[in-house]
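Below: the structure, in structure tokens.
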Amino acid sequence: MLLGNMAGTWWRQCRRWSTNCTTASLFETLCYFNGRSVSSSASSLGRSSWSSGPGNEGQPPSATQTHFKTLTYNSSLVRQKSRFLYRTTQQHCCCRTTHSDAKLKDPFTLAQRDLTSLYDDIKKELFVSKDELKFLCDYYFDGKGKAIRPMIVVLMARALNIHSNRSGDLLPGQRAIAMITEMIHTASLVHDDVIDGSDRRRGKRTINEVWGEKKAILAGDFILSAASMALARIGNITVVKVLSQVIEDLVRGEFMQLGSKENENERFKHYLEKTFKKTASLIANSCKAVSILVNSDPDIHEIAYEYGKNVGIAFQLVDDVLDFTSGASNLGKPSAADLKLGLATGPVLFACQQFPELHAMIMRRFSSNGDVDRAWQYVLQSDGVEQTSFLAKRYCQEAIRQISMLRPSPERDALIRLTEMVLTRDK
């Protein structure tokens, strides 16, 4: 079923869910998943999480609910393989105690030791004798970025190591993957800024603004080449294939962003697929890569991948919301940037259900005089921001369900905590 079916009926269903669910914390959701969904039969796994969820008691799933289930509940993860599902009576009955806010570890604190030397290691990988190229490549590796992606990779690696009856310490290859993840992400930002003509990134002038487009493109290419060399040194052909997929997805996602769909249903599918390729693929495949190095079970690989995918999509959905709700000083880049680039993100697509006038603006990519301002006002007058935020929450709930299948550890619980931080961030 098409992703785009979330428009229309999905918008109305989303409003009903958000009205009933906005006060439920992610940790209540986790308790629900551990207590019911994970231990339910394969045939009722997805159904119970919708029909028995808050505000949906006794309701059969609609077509759009069925679609969203298939989006996030991969059929290959029918989780009745008890050999790796970590189930205890405590999880089933006392989930709130086990996963209380007080006991959940801060992700940044837990990952700090492994991330301390991250940027120094990257600079060593980028070492060149030509001073200007070195300065260009080091420009964004100044330690002032959020480092969300390598942090997720580090925590996932340590959680998987503990789950696989090893010490929680990172393997050398896992540490390298965290570094490579940040390098690929940064290279993509350099190239994105050239394509978008951006002049601000992370609170300072972009590389293309300072040194010009040609040198910016070469700097991004050089960072990618250095990442590829580091990847080859890991020596695992499966890991190489998994992370090579990220590069392909980044390019395909950028091409998707250059186009748009006439049909409103296809438009939403297009948006979510583009979001996966441009943002979530890197996190999902990096999490999968560190799992491959420590565990041969494909079901474990899938858990790591699904967590990364769902957190990655939620992260981008929140980013799209912040474009309408956060000032430029918080974001480190101008607000309403997406509209100015002609992009219709989640808040706009949801707003289009209430204000059909947006359809024509979307098709002409907000290119007429006044389009950006009018679209901005329509979004703020609609439930677009609220519905996009709620959709992000549903993706985070699925990420929690996935990671909760691993053996309890501080790192696993930090990954759970991270989902709430994704939803509540303001920059």
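Conditions tested, residue by residue: (1) farther than 21 Å from Asn161 by Cβ; (2) surrounded by fewer than 24 Cβ atoms within 10 Å (Cβ to Cβ); (3) modelled with pLDDT of 95 or more.
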site	(1), (2), (3)
Ser244	yes, yes, yes
Gly259	yes, yes, no
Ile303	no, no, yes
Tyr307	no, no, yes
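Scanning region 376-426 for residues being acidic (Asp, Glu), outside any loop (DSSP other than H, G, I, E, B), more than 20 Å from Ser291 (Cα to Cα) and over 13 Å from the mean Cα position of the chain (by Cα) gives a total of 1. Of the residues making up region 282-301, those that are out of contact with any Asp or Glu (no Cβ under 9 Å at 6 or more places or on another chain), open to solvent by 20 Å² or more (accessible area, probe 1.4 Å) and either at positive phi or in a helix (DSSP H, G or I) (or both) are Ile292, Pro298, His301. Could you tell me whether Ser198 is farther than 20 Å from Leu415 by Cβ, part of a loop (DSSP other than H, G, I, E, B) and open to solvent by less than 40 Å² (accessible area, probe 1.4 Å)? Here the answer is yes, as Ser198 does meet what is asked. Just give me the residues in region 142-170 being modelled with pLDDT of 85 or more, buried (at least 16 other Cβ atoms within 10 Å of the Cβ) and not in a helix (DSSP H, G or I), in sequence order. Across region 142-170, the qualifying residues are Ala147, Ser164, Leu170. Contact annotation: residue pairs with Cβ atoms under 8 Å, 6 or more positions apart or on different chains, pairing a residue in region 233-248 that is on the phi > 0 side of the Ramachandran plot with a partner that is assigned to a helix (DSSP H, G or I), are Gly235/Gly173. Residue pairs whose Cβ atoms lie under 6 Å apart, separated by 6 or more positions or on different chains, with the first residue in region 349-372 and of a type outside the set (Phe, Trp, Tyr) and the second open to solvent by 50 Å² or more (accessible area, probe 1.4 Å), are Val372/Lys340.
Taken over region 261-281, the criterion of being of a type outside the set (Gly, Ala, Ser) and open to solvent by less than 10 Å² (accessible area, probe 1.4 Å) is satisfied by Phe268, Tyr271, Leu272, Thr275. Does Arg365 satisfy the condition of being in contact with a Gly (Cβ under 6 Å, 6 or more places away or on another chain), surrounded by fewer than 19 Cβ atoms within 10 Å (Cβ to Cβ) and not aliphatic (A, V, I, L, M)? Taking the combined requirement at face value, the residue satisfies it.
For Ile313, state whether it is part of a helix (DSSP H, G or I) and open to solvent by less than 30 Å² (accessible area, probe 1.4 Å). The answer is yes for Ile313.
Taken together, the residues in region 122-141 that are in a helix (DSSP H, G or I) and open to solvent by 30 Å² or more (accessible area, probe 1.4 Å) amount to 8.
The values are calculated or read from the model by the stated rules, or taken from the named source; none is laboratory data. All values derive from a computational prediction rather than experimental measurement. Note that each Cβ is placed from the backbone with ideal geometry, even for glycine, and that neighbours are counted across all protein chains shown. Only protein heavy atoms, including side chains, enter the accessible area calculation; ligands, DNA and RNA are left aside. Shrake-Rupley method; radii C 1.70, N 1.55, O 1.52, S 1.80 Å.
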